[in-house]
1. For segment 60-67, what does the Karplus curve 6.51 cos²θ - 1.76 cosθ + 1.60, with θ = phi - 60°, yield as ³J(HN,Hα) per residue in whole Hz, taken in order and with x for Gly and Pro?
2. Sorted by average packing, counted as other Cβ atoms within 10 angstrom per residue and highest first, what order do 246-252, 89-95 take?
3. Could you give each residue of segment 227-240 its phi-based ³J(HN,Hα) in whole Hz, using Karplus coefficients 6.51, -1.76, 1.60 with θ = phi - 60°, and x for Gly or Pro?
4. Charges on Cβ only, +1 for Lys and Arg, -1 for Asp and Glu, centred on the Cα centroid of segment 115-205; of THR183, TYR155, PRO170, which one is farthest towards the dipole's positive end?
5. How would you order 77-86, 194-203 from highest to lowest mean count of nearby Cβ atoms within 10 Å?
6. Taking the highest mean first, how do the peptides 214-221, 129-136, 179-186 order by number of other beta carbon atoms within 10 angstrom per residue?
Amino acid sequence: MKFLMLVFVIASMAFATDIDGCTEIRSAVNPVQANDLDMTLAIVNDWTVPNASLGIDIFESTTGNYILTVEKTEMQIQAYDLTGAPLGTLTLDTENASCFGMAWNNDPDTDTYYTNDWQDANLYYTEDFGASWSTSTPNPAGTSARGMDFDGTNYWATNATNGGLWRFSPGVGQENVAIPEVTDQPSGLAVFPYNGNTGVAVTTYNTHNIYFYEWDGSTMSYIGSAPCPVSGIGASYGLSYSNVTDTMFWTYQDASNAYHLAEFSFELTSLSRTSWGSIKTSF
């Protein structure tokens, strides 16, 4: 009987696989590490949203700025304005039933949206705002990708526990970039401008830190990590940077199973950065 109870408890802690793509066992206590360096993250806004919001991206153009979140259970991408007010939706492909990550190509005139799926090893994409979808492009992370973003030239995606990140151009080339400081399953990923290079921020489902890196085109340097800027988190999900507000937007589930869309500021200027070596570029 005790054995059966243990199996039941373990199964209940790992229940989220079909809900949010987490494949790690959920522990009763979510550890939070101390800051590696002097770093400030501060909540600007925090909105409760009606549906589970996973991956996130920011659409910015001269005609409007929108927060886009993946609602896997609703099979759609929900748009919000920068004040958290809901706007329209984009319908996902019917086969994209386990979608987590989403990224657009930063071109409002010919916008393309890519999504991934934790049950399907292909990337889905649409060039007509969801009227039709294609799955002809393989996902370099297979079914291990969660968070995605686009840096203006290449896409980035997380790649499961200890799997690092993928930097790629769909159908053209790809490389794996190690991030050994992240030892739990990654969830969200955001790129942002940093010191003339590309900053990369990563969240994980269960250890509620945000990890910051700098990519100079060939070398990834670890900047540091800080606890997520709210307490009482059940799971940490998507992450995206806004050039308009110079803040991060983030999705998470609280300890009461309510879903949130939040905005926070971050200060990295006082940090000393440590390079851990070069990575060969394969394309």
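Derivation of every value follows stated rules applied to the coordinates shown; laboratory data play no part. Remember, it's a predicted structure, so these values are computed and weren't measured experimentally. Every residue, glycine among them, receives a Cβ derived from its backbone with ideal geometry; neighbour counts consider all protein chains shown.
1. So the J values, rounded to whole Hz, are 10, 7, 6, 9, x, 10, 9, 8.
2. Result, highest mean Cβ count within 10 Å first: 246-252, 89-95.
3. Each residue of segment 227-240 in turn: x, 3, x, 9, 9, x, 8, x, 7, 9, 10, x, 8, 7 Hz.
4. The listed residue farthest towards the positive side: THR183.
5. Top of the packing list down: 194-203, 77-86.
6. On the way: 214-221: 16.0, 129-136: 12.9, 179-186: 18.0.
Highest-to-lowest ranking by the protection proxy: 179-186, 214-221, 129-136.
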